[in-house]
Amino acid sequence: MRVRPISPVLLVAELTERLLTAASAPASAGSAQSAHLRVAVDGPPAAAPDRLAAALIDPLRARGRPALHLRAGDFLRPASVRYEFGRTNPDAYYEGWTDEAGLRREVLDPAGPGGTGRVLPSLWDAAADRASRAAYQELSPGTVLLVSGALLLGGGLPFDVTVHLVLSPAALARRTDAAQRWTLPAFARYADEVVPAAFADVVVRVDDPRHPAWVQRDEATG
């Protein structure tokens, strides 16, 4: 494993190239290729996955590739489910806050092979604790669909490219807001049980957001 320091600007540029290459790749023999590229940008809130995903939209569009950014935070389960065991239960946060079935049904499957291309940009308004009432959107052919959020890679969701933002336990604790530190055991479980850094297509260390580092396992996967 090699760790290559990279600037935030260059990180966006290299990820853009990586996604453009993946979006243009022909289907392998015997496989069904999606008309769209479904990308996970996974990481704890302290790693700012939403910000990175949003930063990729304009560069992708500037290169002629339609792009849409959705937040997993807009696909949470109702408060009655999330808070069944209390508002600060790390196991509930880890196991059941995100409505993965809804995210698959309303976004990932429609954007996948044979899908309708008609996606729902948000499902649940967590602040109001009700359905978001968002309108469906028709994806343009070849859209890069970026889904950002935490704990995205442990449930078998059908992403075509996965980007994982990782922090050391010390950096994660330091950069997590005090009111959210109850979530830290959930991220420790995620690292130990899912081990996303071992299989994500792109792994980026963000202990210091000003100085990220691209983790390269070998020449083939880095």
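Tabulated results
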{"quantity": "Local electrostatic count, Tyr136, Cβ distance below 10 Å [Lys/Arg +1, Asp/Glu -1]", "calculated": "-1"}
{"quantity": "Stretch gain in nm, segment Glu17-Ala62, where the contour uses 0.36 nm per residue and the Cα spacing is subtracted", "calculated": "15.0 nm"}
{"quantity": "Point-to-point label distance, Arg87-Gln216, nm (Cα→Cβ direction, 7 Å offset)", "calculated": "4.7 nm"}
{"quantity": "Cut-off 17 Å (backbone N to label point 7 Å along Cα→Cβ of Asp208), residues of the stretch 1-18", "calculated": "3-11"}
{"quantity": "Label point distance in nm, Leu184-Ala79, each placed 7 Å from Cα along Cα→Cβ", "calculated": "2.7 nm"}
{"quantity": "Those trypsin sites (Lys or Arg not before Pro) in the stretch 163-216 that DSSP places in a loop and that have at most 13 other beta carbons within 10 Å", "calculated": "Arg210"}
{"quantity": "Contour excess over end-to-end distance, with Cα ends at Thr116 and Ala173 and 0.36 nm allotted per residue", "calculated": "16.4 nm"}
{"quantity": "Solvent exposure of the stretch 84-222 as accessible area per residue, Å², 1.4 Å probe", "calculated": "49 Å²"}
{"quantity": "Protein accessible area in the stretch 36-87, 1.4 Å probe - carbon and sulfur %", "calculated": "50 percent"}
{"quantity": "Whole-percent carbon and sulfur share, accessible surface of the stretch 139-222, 1.4 Å", "calculated": "56 percent"}
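The values are calculated or read from the model by the stated rules, or taken from the named source; none is laboratory data. Since the structure is predicted, the reported quantities are computational estimates derived from the model, not experimental observations. All Cβ positions, even for glycine, are placed from backbone atoms using ideal geometry, and neighbour counts span all protein chains on display. To get the accessible areas, we keep the full protein, side chains included, count just its heavy atoms, and leave off ligands, DNA and RNA. Shrake-Rupley method; radii C 1.70, N 1.55, O 1.52, S 1.80 Å.
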